[in-house]
Amino acid sequence: VQLQASGGGLVQAGGSLRLSCAVSGGIFSINDMGWYRQAPGKQRELVASITTSHSTNYAASVKGRFTISRDNAKNTVYLQMNSLKPEDTAVYYCHADLRRLGNYWGQGTLVTVSS
């Protein structure tokens, strides 16, 4: 099983980016999916998560600016990030909880927001 994340990059403050993460490599069912981030010198933190029925949860710091969504037919989770701030700079990791297989992580994609 692999999680392939894409969409990171360099953007100016106030700009937008969209991250994608596709799960592939076997026959599986996906429970919750989510995005985490880790800034230099800080612990990894939850950014947003989404259930199979599309219920969402957001960190307080991104609520109202970021939107998580998923396409169950494509085994893909997305993170639309608007009004980006320099403090959003981090490596973003996608996560998937696979039924009977456990937790899987993507390789990380770097988001850099310049002031």
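Being assigned to a strand (DSSP E or B), touching a Ser or Thr at 6+ places or on another chain (Cβ under 7 Å) and open to solvent by 40 Å² or more (accessible area, probe 1.4 Å) is not true of N103. Determine whether R18 is in contact with a strand residue (DSSP E or B) (Cβ under 9 Å, 6 or more places away or on another chain), in a strand (DSSP E or B) and open to solvent by 60 Å² or more (accessible area, probe 1.4 Å). Yes; evaluated as a whole, the condition is true for this residue. Counting just the residues of the range 41-61 that are part of a loop (DSSP other than H, G, I, E, B) and touching a strand residue (DSSP E or B) at 6+ places or on another chain (Cβ under 6 Å), which one comes out least open to solvent (accessible area, probe 1.4 Å)? Among them, the one singled out is A59.
So, of the residues in the range 67-86 that are touching a residue at least 40 places away in the same chain (Cβ under 8 Å) and among the charged types (D, E, K, R), which turns out to be farthest from S49 (Cα to Cα)? For the range 67-86, the residue satisfying everything is K85.
The values are calculated or read from the model by the stated rules, or taken from the named source; none is laboratory data. Predicted model only: the values in this text are computed from it and were never measured. Cβ atoms come from the backbone with ideal geometry, glycine included; neighbour counts cover every protein chain shown. To get the accessible areas, we keep the full protein, side chains included, count just its heavy atoms, and leave off ligands, DNA and RNA. Shrake-Rupley method; radii C 1.70, N 1.55, O 1.52, S 1.80 Å.
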